[in-house]
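To start, the structure itself, in structure tokens.
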Amino acid sequence: MSSISSRWLYVAVSMLSVGALALGATTSASADNSNETMPRQAEENSADLLRVTLELAHALSLSDAIKASEGLKEPVIAYAFTTGNVMGEYVPASLAAAEFLEYFYEDYGTQPKVTAFVVERVAADKKQVASRERTSVGSEFDVFDAPPVVLGGLALDRKQTAEAALAGDSTVTGARLAPDWRA
């Protein structure tokens, strides 16, 4: 893609199943929601916010998930996806959806299958609020079945570098092995 900085931003947003990176940001799911929720969140103490994952009845494409989330009464801060062995979250505040889909396709040869919405809720007592819930939002959309993952772009570069480092290839630059835990 065009800029190195946007590639690194994408790398931070897109996660392989090898490790999970949690990004937090608040954004609005629709123009109607933004006027209602943003002032409320500004008034609330951020310690009172709880991250809640709303699990979908079936996988959706990112565009269908964005449309479906407009019906929620709370802002979606991320769209969780699982496509093959690639898991992560798309955070709308970090990158436009079209750019994210372009980078995702370049690296994985497919599209993300959105499996959940991530929202923040104000919780007086965090122990009484479930961190995961099932939702029927989006069930009116067709089930999204993405083609299998085929690594390419930066994802393929990272995989090949890791494999070369594990094989002991001395020509690999910048790759360091973790210290041996048995030592």
Exercise for review: Output the qualifying pairs, or none if there are none: Cβ atoms under 6 angstrom, residues six or more apart or on different chains, first residue in segment 131-148 and closer than 19 Å to VAL86 by Cβ and small (Gly, Ala, Ser), second residue modelled with pLDDT of 90 or more and part of a loop (DSSP other than H, G, I, E, B).
Suggested key: ALA146/THR110; ALA146/GLN111; ALA146/LYS113
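For segment 52-93, how many residues meet the condition of being among the small types (Gly, Ala, Ser), without any contact (Cβ under 8 Å) to a residue 40 or more places away in the chain and in a strand (DSSP E or B)?
Filtering segment 52-93 down to residues among the small types (Gly, Ala, Ser) leaves 57, 59, 61, 63, 65, 68-69, 71, 78, 80, 84, 88, 93.
Going one step further and asking which of them are without any contact (Cβ under 8 Å) to a residue 40 or more places away in the chain, we end up with 63, 80.
Then drop every residue that is not in a strand (DSSP E or B), which leaves 80.
Count: 1.
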Exercise for review: May I ask you to list the residues in segment 67-115 that are touching a helix residue (DSSP H, G or I) at 6+ places or on another chain (Cβ under 6 Å), under 16 Å from LEU151 (Cβ atoms) and among the polar types (S, T, N, Q)?
Suggested key: none
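Could you pull out the residue among LEU151, LEU156 that is more than 18 Å from SER61 (Cα to Cα) and in a loop (DSSP other than H, G, I, E, B)? Step through it out loud before you land on a result.
Details: LEU156 fails: in a loop (DSSP other than H, G, I, E, B).
Every option except LEU151 fails the conditions.
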Practice item. Tell me, please, whether a residue that is out of contact with any helix residue (DSSP H, G or I) (no Cβ under 8 Å at 6 or more places or on another chain) and farther than 24 Å from ALA57 by Cα can be found in segment 130-144. Key: no
Check your understanding: Within segment 74-111, which residues are farther than 22 Å from ASP157 by Cα, among the hydroxyl-bearing types (Ser, Thr, Tyr) and at pLDDT 95 or above?
Key -> TYR79
Practice item. Please indicate, with yes or no, whether at least one residue in segment 30-43 is outside any helix (DSSP H, G or I), in contact with a strand residue (DSSP E or B) (Cβ under 9 Å, 6 or more places away or on another chain) and either at pLDDT 95 or above or at negative phi (or both). Key: no
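The values are calculated or read from the model by the stated rules, or taken from the named source; none is laboratory data. Predicted, not measured: the structure shown is a model, and the values here were computed from it. Note that each Cβ is placed from the backbone with ideal geometry, even for glycine, and that neighbours are counted across all protein chains shown.
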